[in-house]
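I have placed the structure first, in the form of structure tokens, so that the comments after it can refer back to it.
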Amino acid sequence: VIINLDTELTIREFARLGRVEPDFVKEKYLHHDEFKRYETGAISDEEFRSFLRGLLKFDGDDKQLDDAWNAMILDIPAERLALLKRLREEHGLFLLSNTNTIHMRCVHERLALHGVDNFDPYFDKQYYSHLVNRRKPDADIYQFVLDDNNLHPEHVLFIDDNADNIKGAANLGIQTLHINKPTALMDFFNG
């Protein structure tokens, strides 16, 4: 909910690289375990790229694959970063993200446009699926964050734009805020 994303852009880029229809990519993207395995750190960047090459029957270079994979990552609005700084003055803030190393390199480039090279100024602690070997919406990732920070679920507000992730957190008694429109985050905190 911090970064503007558009997964359709990655789907279109993969379709272009593989000379296939976007629906083919969408079906494989949504259902193939290799994407989940990559997000949980079970396979390396090289293994993920090899999987993509096989899936798309693509023999181009790594940069083309990385650029297509990162096409979904748009911008990081300055107002959201300002909101995080404001909230951190009064609350503990933790980042929980399903991600991977290729995406994180791109995110760091986007953050550099704001004069920072990581999320450290905005969060007390960050949890990235590929580093903790767990991913949302599985219950164990939420429990891991709760336990690691001595947090009680009823005192936590989990914010996400994915309904499955919201349900996963709510099942543990965590309060949730589903971001279902672009202005929902700012609307909620700015009243």
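The values are calculated or read from the model by the stated rules, or taken from the named source; none is laboratory data. What you are looking at is a predicted structure, and each value in this text was computed from that prediction instead of being measured. Counting neighbours? That spans all protein chains shown, and the Cβs are built from the backbone with ideal geometry, glycine included. When the accessible area is computed, the model is the full protein with side chains, heavy atoms only, and any ligands, DNA or RNA have been set aside. Shrake-Rupley method; radii C 1.70, N 1.55, O 1.52, S 1.80 Å.
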Being over 18 Å from the mean Cα position of the chain (by Cα) and either surrounded by 14 or more Cβ atoms within 10 Å (Cβ to Cβ) or within 26 Å of Gly168 (Cβ to Cβ) (or both) is the filter here; which residues of segment 82-113 pass it?
Leu83, Leu87, Arg88, His91, Gly92
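Yes/no matrix, rows are residues, columns are (1) in contact with a strand residue (DSSP E or B) (Cβ under 8 Å, 6 or more places away or on another chain); (2) farther than 30 Å from Asn190 by Cα:
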position: Asp33; (1), (2): no, yes
position: Ile43; (1), (2): no, yes
position: Glu79; (1), (2): no, no
position: Lys85; (1), (2): no, no
position: Glu90; (1), (2): no, no
position: Leu95; (1), (2): yes, no
position: Thr101; (1), (2): no, yes
position: Phe123; (1), (2): yes, no
position: Asp138; (1), (2): no, yes
Of everything in segment 145-170, what is open to solvent by less than 70 Å² (accessible area, probe 1.4 Å) and touching a helix residue (DSSP H, G or I) at 6+ places or on another chain (Cβ under 8 Å)? Give them in sequence order.
Leu146, Leu151, Pro153, Val156, Phe158, Ile159, Asp160, Gly168, Ala169
Is it true that some residue in segment 134-144 is part of a helix (DSSP H, G or I), more than 20 Å from Ile3 (Cα to Cα) and open to solvent by less than 20 Å² (accessible area, probe 1.4 Å)?
yes
In segment 137-171, the residues that are acidic (Asp, Glu) and in contact (Cβ under 8 Å) with a residue 12 or more places away in the chain:
Asp138, Asp148, Glu154, Asp160, Asp161, Asp164
